[in-house]
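**Q** Let me give you the structure first, and then I'll get to my questions.
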Amino acid sequence: MVKPSSIRALRALSSSSYRPTRRTVLPTASNFIANPGQSSASPFKCRIQPTLSCCARQLHSATTLPKYTIPIDMAFDVVQPNEIKAEGQALVICHGLFGSKQNWRSLAKQFASKLGMPVYTLDLRNHGTSPHAEPHTYSAMAEDLSHFFKKHNLTSGVNLMGHSMGGKAVMAFALNEKLNSPLRSLISVDMSPAIGKISHEFQLYTDSMIEVEKAQVKTKHEADEILAKVESSLPTRQFLLTNTRQTHGNQPHLVFRIPLTLLSSSIKHIGDFPYTPPPPISKNSPIWEGPTLFLKGAQSKYINRKNLPIAEAFFPKMKLETLETGHWVHAEKPNETVELVKKFVESI
């Protein structure tokens, strides 16, 4: 949830030639999966199934947001390996603040090939093409994850990974004993379960994106000029602009697909966490004794010597690995990230 230290890494997050085709779906009780297609650009022989919750196509405004909707149907993509090596397992990945499942699509192909298991990349609530709903809290995100696992019959063998905000979401899921039965292992990428204040720049980002919408600009270049008032890094602005879409009608202009007013009011809570560290162990101070990997960026301060004891208190079987990166570990060192995760998952 901080600005990346690597310009090259953030460019990789904000640009890609892969655009999965989707078909419109009607609300039914079935699994909303589009016809699978293989990407010719992929170096791996994996089948990609781009999927979208039926609810995700609904347009929401600040006045029509459903209140306290738990859970939601999250939009997701799934990459199927050419060969199943880990029967009964899956890797599920959650992105960070202002991110989406698109940020992980290249790595998802690598994970599927290397691990030999399906890889699901999710759009968390109020992000990507998932529905917009209050509250934007980690407890709500944990309920969304539980709903996703039940709906897609992922009742066991789940290796759950999250980066930044997604890291706190997956940790909140793991610590909820009513929800965590599908969990096989847990991976948090550069995020601890400690409570901490989020950087002020993120409030500036949401305010600036709201200004873009009010200006009704027609091009990303015009939107970029507005964002440049609060953010000097072009790759960071390009990353934020991945959340834009064009309106339809007589005067088309750029808007953001994420609910800016909702997220703006929720920014101050992004640094929260729903549990206090044990001891003593209690409902409000739980532990998860399953295999847990914390993957730290050496130049990032989100995992540090002060909050590591908190991580160890919640997750007594945790391991710590460090890569020479900033906060965007998986973007700056993608191959090394894949190898560390593969080593960890296969060691269990």
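The values are calculated or read from the model by the stated rules, or taken from the named source; none is laboratory data. Quick caveat: nothing in here was measured; it's all calculated off a predicted structure. In this analysis, Cβ positions are derived from the backbone assuming ideal geometry, glycine residues included, and neighbour counts consider all displayed protein chains. When the accessible area is computed, the model is the full protein with side chains, heavy atoms only, and any ligands, DNA or RNA have been set aside. Shrake-Rupley method; radii C 1.70, N 1.55, O 1.52, S 1.80 Å.
**Q** Taking residue 215 as the residue in question, decide whether it is small (Gly, Ala, Ser), touching a helix residue (DSSP H, G or I) at 6+ places or on another chain (Cβ under 7 Å) and surrounded by fewer than 17 Cβ atoms within 10 Å (Cβ to Cβ).
**A** Details: small (Gly, Ala, Ser): yes; touching a helix residue (DSSP H, G or I) at 6+ places or on another chain (Cβ under 7 Å): yes; surrounded by fewer than 17 Cβ atoms within 10 Å (Cβ to Cβ): yes.
So residue 215 fits the description; yes.
**Q** Kindly indicate whether any position in segment 81-93 is touching a strand residue (DSSP E or B) at 6+ places or on another chain (Cβ under 6 Å) and either of a type outside the set (A, V, I, L, M) or within 25 Å of residue 203 (Cβ to Cβ) (or both).
**A** No - not one qualifying residue is present in segment 81-93.
**Q** Ok, one more. So which residues in segment 197-242 are acidic (Asp, Glu) and either farther than 19 Å from residue 99 by Cα or touching a Lys or Arg at 6+ places or on another chain (Cβ under 8 Å) (or both)?
**A** Kept after step one, since they are acidic (Asp, Glu), are these residues of segment 197-242: 201, 207, 211, 213, 222, 224-225, 231.
Within segment 197-242, 201, 211, 222, 224, 225, 231 qualify.
**Q** Oh, and also: Six or more apart or on different chains, Cβ under 6 Å: which pairs go from a residue in segment 145-165 that's in the same structural domain as residue 118 (by the TED database) to one that's of a type in the set (Ser, Thr, Tyr)? Could you list them?
**A** Pairs found: 159/185.
**Q** Quick check: is even one residue across segment 108-118 open to solvent by less than 30 Å² (accessible area, probe 1.4 Å), among the hydroxyl-bearing types (Ser, Thr, Tyr) and not in a loop (DSSP other than H, G, I, E, B)?
**A** The initial filter retains those residues of segment 108-118 that are open to solvent by less than 30 Å² (accessible area, probe 1.4 Å), namely 108-109, 111-112, 115-118.
Those left that are additionally among the hydroxyl-bearing types (Ser, Thr, Tyr): none.
For segment 108-118, residues open to solvent by less than 30 Å² (accessible area, probe 1.4 Å), among the hydroxyl-bearing types (Ser, Thr, Tyr) and not in a loop (DSSP other than H, G, I, E, B): absent.
**Q** When you check residue 326 against the structure, is it modelled with pLDDT under 95, in contact with a strand residue (DSSP E or B) (Cβ under 9 Å, 6 or more places away or on another chain) and surrounded by 15 or more Cβ atoms within 10 Å (Cβ to Cβ), yes or no? It would help to see each step written out before you state the result.
**A** Working: modelled with pLDDT under 95: yes; in contact with a strand residue (DSSP E or B) (Cβ under 9 Å, 6 or more places away or on another chain): yes; surrounded by 15 or more Cβ atoms within 10 Å (Cβ to Cβ): yes.
Criteria met by residue 326.
**Q** Within segment 167-186, how many residues are in contact with a Pro (Cβ under 6 Å, 6 or more places away or on another chain) and among the β-branched types (Val, Ile, Thr)? Give the steps one after another, and end with the answer.
**A** Let us first name the residues in segment 167-186 that are in contact with a Pro (Cβ under 6 Å, 6 or more places away or on another chain), namely 171-172, 175, 185.
Subsequent filtering for residues that are among the β-branched types (Val, Ile, Thr) retains none.
Matching residues across segment 167-186 total 0.
**Q** Okay, moving on. Could you pull out the residue among 283, 301 that is over 30 Å from residue 181 (Cα atoms), in the same structural domain as residue 165 (by the TED database), basic (Lys, Arg) and assigned to a loop (DSSP other than H, G, I, E, B)? Step through it out loud before you land on a result.
**A** Working: 283 fails: over 30 Å from residue 181 (Cα atoms).
Going through 283, 301 in turn, the sole match is 301.
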